[in-house]
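Peer 1: Below is the structure I would like to discuss, written out as structure tokens.
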Amino acid sequence: MTTEQTDPKATARTNKPVAWDERSTLTNHLDYARRTAWEKCAGVSAEHAVAAPLPGSPLMSLWGLISHLRWVEHWWFDVIFLGNEDEGPWTDEDPDREMRVVDGVPIDAVIAEYAEKCVAWDALVARTDLDALAVRPLGDGRQPTMRWVLMHLVEEIARHNGHLDILRELADGTTGD
């Protein structure tokens, strides 16, 4: 694994794919959404990373959202698509546990772990046909395609990037695209 693959700051973030085919467009937008999330948290203080300033959303912190995104990708790629065992931190008693701050784990470590997992997920996507079906069906019995999983993850991460943007501005005034 190269530094470029596991260091979220090693390559430039761009929303323009190298080619305009469907796979390049989907994978580029997924990478762009991920890198945007990571950049929203760059240089944030430890105190601001774990702050949850929204009274109606006590779990919503920069740290919690980055952890959530990492585990969302685990759910869709490892559990649903590949049919692997769910290793997520959630439990029946605490279904949002991935959003809870783990004492002593800095946000940069969560981002680094997420980026490292993305290398394996990107390799899965690269070797899988977009029409390939997930091993596990959804609640309605249908099996999503890799295409749908990619599009869903782009939507999920992009939606949370808006939350990250607001949280970062509330934390220390940092704004950006």
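Peer 1: So what is the relative contact order of the chain, in percent, for Cα pairs below 8 Å that sit 6 or more residues apart?
Peer 2: In percent, rounded to a whole number, it is 29.
Peer 1: Counting only protein heavy atoms and using a 1.4 Å probe, what share of the accessible area of the chain belongs to carbon plus sulfur, as a whole percent?
Peer 2: The C+S portion of the solvent-accessible surface of the chain is 54 percent.
Peer 1: Hey, in the GNM for the chain with a 10 angstrom Cα cutoff, which one of T145, T91, T14 fluctuates hardest?
Peer 2: Judging by the Gaussian network model, the answer is T91.
Peer 1: Per-residue accessible area for D108 at 1.4 Å probe radius, Å² rounded to 10?
Peer 2: D108 exposes around 90 Å² with every protein chain in place.
Peer 1: Step through the residues of segment 89-103 one at a time and calculate ³J(HN,Hα) from phi using the Karplus curve (6.51 cos²θ - 1.76 cosθ + 1.60, θ = phi - 60°), rounding each to whole Hz and writing x for Gly and Pro.
Peer 2: Values per residue, Gly and Pro as x: x, 5, 9, 4, 6, 9, x, 10, 4, 5, 8, 7, 5, 9, 3 Hz.
Peer 1: Something else now. Considering the values (1) 11.0; (2) 10.1; (3) 14.3, which represents mean projected area of the Cα convex hull in nm² as calculated for the structure under consideration?
Peer 2: (1)
Peer 1: Something else about it: What is the helix-to-structure angle for 62-73, meaning the angle in degrees between its Cα long axis and the longest Cα principal axis of the chain, kept from 0 to 90 and rounded to the nearest 10?
Peer 2: It works out to around 10 degrees.
Peer 1: Starting at the first residue of segment 47-61, write each ³J(HN,Hα) from the Karplus equation 6.51 cos²θ - 1.76 cosθ + 1.60 with θ = phi - 60°, in whole Hz, x for Gly and Pro.
Peer 2: Using θ = phi - 60°, the values come out as 5, 6, 4, 9, 5, 10, x, 8, x, x, 9, x, 9, 8, 10 Hz.
Peer 1: Averaged per residue, what accessible area in Å² does the chain show with a 1.4 Å probe, protein chains only?
Peer 2: 53
Peer 1: Do you know the relative contact order of segment 48-88, to the nearest whole percent, from alpha carbon pairs under 8 angstrom that are 6+ apart?
Peer 2: 25
Peer 1: Follow-up question, since we're still on this one. At a Förster radius of 25 Å, what calculated FRET efficiency corresponds to the Cβ-Cβ distance of D172 and R13, to the nearest 0.05?
Peer 2: So the FRET efficiency works out to roughly 0.75.
The values are calculated or read from the model by the stated rules, or taken from the named source; none is laboratory data. Every value quoted in this text rests on a predicted model; they were computed, and no experiment measured them. Note that we place each Cβ from the backbone using ideal geometry, even for glycine, and neighbour counts take in every protein chain shown. The protein model used for the area step is the full one, side chains on, heavy atoms only, and it has no ligands, DNA or RNA in it. Shrake-Rupley method; radii C 1.70, N 1.55, O 1.52, S 1.80 Å.
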